[in-house]
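Q: What follows is a structure written as C-alpha cells; I'll ask about it next.
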Amino acid sequence: MVNANDETLNKLVSQAQSGSRDAFSELVRILMNDIMALTYRMTGDKETAKDLAQETFIAGWEKIKTYQGEAKFKNWLLRIATNKTLNYFKKASTTYEISGDPDTSIMEYSSVSDSNPETELKNKQLRENVLRFMNQLPPQQRIVFDLRFYKQLSFDEIANVTKRAVGTVKTSYRESIKKLRLWADEMGWQS
C-alpha cells in the first residue's frame with residue numbers, strides 16, 4: 001500500500017484542481033487500495049469492486065474542482081465510493097454474498113504476514129468469518145462497520161463520509177457490533 005502524508009495529498013489535489021491529469025493519476029495510485037478495499041468488502045466481488053473503484057475515481061476527477069478541503073481528500077473519495085456502492089445495491093436490489101479469495105491483495109489487512117503457518121491459517125479463517133459476517137449486515141451498517149473497523153475512522157469522519165448524523169453512525173456501529181457478538185457466539189468463535 002502506498003503511503004502519503006496529508007501535505008503531499010493536498011499538493012496533488014491542488015495540482016489536479018488546476019487540471020493536472022498526472023497529479024490526479026498519482027492520487028489514484030496512492031488511494032486505489034483504500035477504495036478497492038472498501039468496495040470489495042462491501043460487495044464481496046472483485047470485478048464489481050474494480051468497477052466501483054473506477055467509477056469513484058472518474059467521479060472524483062469530474063468533481064475535483066468542487067472539493068473544498070472541508071474533509072480529508074481520502075474521506076471525500078471514500079464518500080463517493082460509499083455512494084457509488086450503495087447506489088449499486090439499490091439498482092441491483094440483490095443480496096450479495098462475500099465471494100472470492102479473502103487473501104487477495106485488495107484486502108489491505110492481509111498485507112501483514114506471519115511466518116508461522118498455524119497463525120496464518122487462523123488469520124485467514126478469521127478474515128473469511130468476518131467477511132461472512134459482513135455479508136449479513138444491511139449495506140448502511142456494513143459501510144459504517146467497514147469504515148470504523150478497517151479504516152479506523154472517527155465517528156465524525158464516518159458521519160461526514162456517509163452523510164449521516166454522528167448519533168446514527170454510532171448506533172449503526174453499536175448494532176453491528178451486537179450482531180457480530182451474537183453471530184460469533186452462534187459460530188462458536190473463541191476469543
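Q: Applying the selection to segment 45-86, what residues are aromatic (Phe, Trp, Tyr) and part of a helix (DSSP H, G or I)?
A: Phe57, Trp61, Phe73, Trp76
Q: Yes or no: segment 8-23 includes at least one residue that is touching a Leu at 6+ places or on another chain (Cβ under 7 Å) and among the acidic types (Asp, Glu).
A: Scanning segment 8-23, I find no residue that is touching a Leu at 6+ places or on another chain (Cβ under 7 Å) and among the acidic types (Asp, Glu), so the answer is no.
Q: Spot the failing condition for Ser18; the list is (1) over 22 Å from Arg142 (Cα atoms); (2) buried (at least 16 other Cβ atoms within 10 Å of the Cβ), and only one is missed.
A: The number of the failed condition is (2).
Q: Return a yes/no flag: does segment 132-155 have any residue that is among the acidic types (Asp, Glu), assigned to a helix (DSSP H, G or I) and surrounded by fewer than 19 Cβ atoms within 10 Å (Cβ to Cβ).
A: Looking for residues that are among the acidic types (Asp, Glu), assigned to a helix (DSSP H, G or I) and surrounded by fewer than 19 Cβ atoms within 10 Å (Cβ to Cβ), one finds none in segment 132-155, hence no.
Read-outs throughout are calculated quantities, based only on the coordinates presented, and are distinct from any laboratory measurement. Everything quoted here is computed from the prediction, not taken from an experiment. Ideal geometry is used to build each Cβ from the backbone, glycine not excepted, and the neighbour counts take in all protein chains shown.
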